[in-house]
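Inspection log for the structure reproduced underneath, given as structure tokens.
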Amino acid sequence: MTGAGRTACLLAVLAVLAGLAACRDDGLDRQPRLEPYGTAAALPGGMAAQLPPAHTVPREPPQGAALEGAALLARGRDRFAIFCQPCHGAAGSGDGPVVASGFPRPPDFHDERLLAAPAAHFLRVIADGHGAMYPYGARVPPADRRAITAFARALQLAGPPAAGGDGAAGR
């Protein structure tokens, strides 16, 4: 090895050693943490849970801004048409266009079991999926899940479509 090669090799080794010396255990990964609803003397009010800073934008609307009545059903109808109608059909009878394409038929919303099911069942199924249904929790925010559930309940109250009627409207 020539003198220049040795110098370059020595400089490379020194650079690696300097880099390793810079890697020290500063304990940042082992810091104490606050419990969400615990106390914290250093924070305002002595509580770990704090209000968001002024002028920040929340990910979801605050609970007080929840839709009600006709606005809730309109939002539910809109979201149902996008996420649910392809499988469940326009009336919730399980006759959507993907069923005609060979996908498994989803349950009819007018089935006695689903008529008796609590709203929490629909919310859970939308979020987590069930059977062949894919989970929509990452795609449908909680407020829209509530709106879809309200619209599904409205479909149940309307009753099943009349035989030979508009039951195939989802096709």
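Just checking my list (i) 0.94; (ii) 1.35; (iii) 1.00 against Rg/Rh (Cα atoms, Kirkwood Rh) computed from this structure; which label fits? Evaluating Rg/Rh (Cα atoms, Kirkwood Rh) on these atoms matches (ii). For the pair residue 81 and residue 34, the difference between a 0.36 nm per residue extended length and the Cα-Cα distance amounts to 12.6 nm. For a quick check, take a GNM of the chain with Cα springs below 10 Å and name the residue from 18, 150, 116 with the largest mean-square fluctuation. In this elastic network of the chain, the residue with the biggest mean-square fluctuation among 18, 150, 116 is 18. Model label points for residue 42 and residue 9, set 7 angstrom from Cα along the Cα-to-Cβ axis, are 5.0 nm apart. The distance between label points at residue 54 and residue 139 comes to 4.1 nm (points 7 Å beyond Cα on the Cα→Cβ vector).
Rounded to the nearest 20 debye, the dipole size of the chain about its Cα centre is 280 debye, using +1 on the Cβ of Lys and Arg and -1 on the Cβ of Asp and Glu.
Only the coordinates and a few stated rules stand behind these numbers; no lab work does. Quick caveat, the model's predicted, so the values are computed rather than measured. No Cβ is skipped: glycine too gets one built from the backbone with ideal geometry, and neighbour counts run over all protein chains shown.
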